[in-house]
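A.B. asks: Dumping the structure here so I can ask a few things about it.
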Amino acid sequence: MDELTLANKIAIWILPVVFGITVHEAAHGWVANRFGDPTARLAGRLTLNPLKHVDPVGTVVVPLLLLFFSGFILGWAKPVPVDARRLNNPRRDMAIVALAGPGSNILMALLWALVVKLALFYHSALSGAAVLLVFMGVAGVFINTILCVLNLLPLPPLDGGRILISLLPPRWASVVGRMEPFGLVIILILLLTGVLGRILYPALDFVGLSLNFLIGVSPDFFFSTLAALLGAG
């Protein structure tokens, strides 16, 4: 793949990142509403309009800074408000609400994989546009994989922490819940020590193999395209 400029990368990443993190939040609100909590609906958050979910820092500033200084990209949206007390079965339903976010990322990764497949199929006809869509599709698969795996870590305030709290006996759930103020600090430590990478890289290897099975794209193609996206621009 040809080397990409920073402007190219921003154009390629913007849709996968914005929709990856905003649809994730909308999914929480939609499922919560289905289980009896209308808080997100009343706040106008049951929408795929990214403007309703954008956090100026987490959705715009942080992703751009990471892309500019490191080539890596990640972000977050405004959390959707959920009132567990209004759910039909608070402990069970809260776990399902939490799982909805990562579940939406799996679905979006599959949709972006389909974009890659279609772009490669029509490559000769679309030329430059097809190349752009291949890059964007790979970016979409990558960011949604990262968001899914990261959010499933059993640490509050991440979705995996919410699921763990819902499954544990109340006494132990209370202990885990008290970790929430330190959750993001723990994640930062895991990132800086390389532990987080050792969790995420096997997931990406699995995705590379899955793409080969699902759409006939080799792992080497996936990782070389991803390297061009994440390399210094």
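The values are calculated or read from the model by the stated rules, or taken from the named source; none is laboratory data. As the structure is a prediction and not an experimental result, all values here were calculated from the model. With ideal geometry, Cβ positions are generated from the backbone for all residues, glycine too; neighbour counts draw on all protein chains shown.
A.B. asks: Looking only at segment 169-211, which residues are within 21 Å of Pro16 (Cα to Cα) and polar (S, T, N, Q)?
C.D. replies: Ser210
A.B. asks: Can you go through Ala32, Ala77, Ala40, Ala26 and tell me which one is buried (at least 18 other Cβ atoms within 10 Å of the Cβ), within 27 Å of Val116 (Cβ to Cβ) and modelled with pLDDT of 85 or more?
C.D. replies: Of Ala32, Ala77, Ala40, Ala26, the one residue that is buried (at least 18 other Cβ atoms within 10 Å of the Cβ), within 27 Å of Val116 (Cβ to Cβ) and modelled with pLDDT of 85 or more is Ala26.
A.B. asks: Looking only at segment 67-78, decide whether some residue is more than 15 Å from the chain's Cα centre (by Cα), within 25 Å of Val134 (Cβ to Cβ) and of a type in the set (A, V, I, L, M, F, W, C).
C.D. replies: yes
A.B. asks: Next up: List, please: which pairs have Cβ atoms under 9 Å, are six or more places apart or on different chains, and start with a residue in segment 19-30 that is touching a residue at least 24 places away in the same chain (Cβ under 8 Å) and end with one that is of a type in the set (Asp, Glu)?
C.D. replies: From segment 19-30, the pairs are Ile21/Asp55; His24/Asp159; His28/Asp159; Gly29/Asp37.
A.B. asks: Working only within segment 81-99, note down all residues that are surrounded by 20 or more Cβ atoms within 10 Å (Cβ to Cβ) and of a type in the set (Gly, Ala, Ser).
C.D. replies: Ala98, the sole residue that qualifies.
A.B. asks: Within segment 85-120, can you find the residues that are over 21 Å from Ala26 (Cβ atoms) and touching a Phe, Trp or Tyr at 6+ places or on another chain (Cβ under 8 Å)?
C.D. replies: If the condition is that a residue be over 21 Å from Ala26 (Cβ atoms) and touching a Phe, Trp or Tyr at 6+ places or on another chain (Cβ under 8 Å), then Asn89 is the only one that fits.
A.B. asks: Quick one: in segment 82-107, which of the residues that are among the polar types (S, T, N, Q) and over 21 Å from the mean Cα position of the chain (by Cα) is farthest from Ile163 (Cα to Cα)?
C.D. replies: Residue satisfying both the conditions and the ranking: Asn88.
A.B. asks: Hey, could you check segment 112-142 for residues that are of a type outside the set (Gly, Ala, Ser) and touching a Pro at 6+ places or on another chain (Cβ under 7 Å) and say which is nearest to Gly208 (Cα to Cα)?
C.D. replies: Once the filter is applied, the top-ranked residue is Trp112.
A.B. asks: Which condition number does Asp37 fail, the rest of (1) free of Cβ contacts under 8 Å to residues at least 40 places away in the same chain; (2) farther than 19 Å from Leu147 by Cβ; (3) part of a loop (DSSP other than H, G, I, E, B) being met?
C.D. replies: (1)
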